[in-house]
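The values are calculated or read from the model by the stated rules, or taken from the named source; none is laboratory data. The model shown is predicted, which means the values in this text are computed figures rather than measured ones. Glycine also receives a Cβ, built like all others from the backbone with ideal geometry; neighbour counts cover every protein chain displayed. Heavy atoms of the whole protein, side chains included, go into the accessibility calculation; ligands, DNA and RNA do not. Shrake-Rupley method; radii C 1.70, N 1.55, O 1.52, S 1.80 Å.
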Amino acid sequence: MTVTKDMLIGQLLQLDRGVAYVLMGAGMHCVGCPSSAMESLEEAAFVHGIDCDTLVNAVNEYFANKEA
């Protein structure tokens, strides 16, 4: 699976709740907020001042390590 910047946070959390730790580690402490579920990774990264490519890479690395 490859995560892209247009994927919704809610989608990712449905796939694997462990993604929450990656997002929180990047500075997104509002992962549990209902409105965050409808934000894309790109939108959330922008709001939090996080580089989107770095965030997408971290989430993809998380999934790659789970599959290994």
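Work out the length of the dipole vector of the chain about its Cα centre, built from +1 on the beta-carbon of each Lys and Arg and -1 on the beta-carbon of each Asp and Glu, and round it to the nearest 20 debye.
220 debye
His48: accessible area at probe 1.4 Å, nearest 10 Å²?
The accessible area comes out at roughly 70 Å².
Go ahead and collect, in residue order, the members of segment 1-33 whose backbone nitrogen is under 11 Å from a label point 7 Å along the Cα-Cβ direction of Glu67.
Under 11 Å, as judged by backbone N against the label point of Glu67, lie 1-3 of segment 1-33.
For helix 52-67, what angle does its Cα long axis make with the longest principal axis of the chain, in degrees from 0 to 90 and rounded to 10?
Around 40 degrees separate the two axes.
Whole-Hz Karplus ³J(HN,Hα) for segment 34-47, in order, using 6.51 cos²θ - 1.76 cosθ + 1.60 and θ = phi - 60°, x for Gly and Pro?
Rounded to whole hertz, the list is x, 6, 5, 4, 9, 8, 7, 4, 5, 5, 5, 4, 4, 4.
State whether segment 11-68 is rounded, prolate or oblate according to the following rule on the C-alpha gyration tensor (a ≥ b ≥ c being the square roots of its eigenvalues): a/c under 1.5 gives rounded; otherwise a/b larger than b/c gives prolate, and the remaining case gives oblate.
It is oblate, given that a/c is not under 1.5 and a/b is not larger than b/c.
By how many nm would the segment from Asp53 to Ala20 grow when fully extended, if each residue of separation counts as 0.36 nm and the alpha-carbon distance is taken off?
Length gained between Asp53 and Ala20: 10.2 nm.
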